[in-house]
Amino acid sequence: MRRMNKTLFGNLCEEQAYLYIVKLYNDLESFYKIGVTSKKEVSSRFSGIPYNYEIIKTYSHPSSTFIMDLESQLLSLVERYNPLKTFGGYSECVLEVENIINF
């Protein structure tokens, strides 16, 4: 799978780009994922993730570049977490979102 870049993401987004924060969990671990998607139904992004999930926050904006920059900024504010199971986007996981949830 290719890593998402601004050009590719911009081509996928029709009218809006979406940033999401989700809680991912199972019996062994619990953490958060910060990510972007072009899909209005953010939950469709999690069909291949091997964890239960709870959507904490979503934010939409017409600029895909703004959304990707916001994702990078949020991820730079918190310590990353490496989940026990890998999946697409596993490198965008963190243990805490309390300080960034209303950023």
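The values are calculated or read from the model by the stated rules, or taken from the named source; none is laboratory data. What you see is a predicted model, and the numbers here were worked out from it, not measured in a lab. Every residue, glycine as well, gets a Cβ built from its backbone with ideal geometry; the counts of neighbours run over all protein chains shown. Protein only, heavy atoms only, side chains kept; ligands, DNA and RNA dropped before computing areas. Shrake-Rupley method; radii C 1.70, N 1.55, O 1.52, S 1.80 Å.
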**Q.** Zero-based 5 Å bins, Cα pair distances in the chain, whole percents
**A.** 2, 13, 25, 25, 21, 10, 2, 0
Q. Counting pairs on different chains as well as pairs 8 or more places apart, how many Lys pairs in the chain have Cα atoms under 15 Å apart?
A. 7
**Q.** With Cα atoms, 0 to 90° folded angle of helix 64-76 axis to the chain main axis
**A.** 30
Q) Say a site is exposed when it is one of the trypsin sites (Lys or Arg not before Pro), sits in a DSSP loop, and has at most 11 other Cβ atoms within 10 Å; what is then the longest site-free stretch of the chain? A) 4-103
Q) So which GluC sites (Glu not before Pro) in the range 51-83 pass both tests, a DSSP loop state and at most 11 other Cβ atoms within 10 Å of the Cβ? A) GLU79
Q) Amide H to amide H, which residues 5 or more places from LYS57 or on other chains are under 5 Å from it, using H placed in the peptide plane? A) ILE21
Q: Please work out the average accessible area per residue across the range 40-103, using the 1.4 Å probe convention, and give it in Å².
A: 65
Q: Please compute the Cα-Cα pair-distance distribution of the range 11-69 with 5 Å bins starting at 0, giving whole percents from short to long.
A: 4, 19, 30, 20, 14, 8, 3, 1
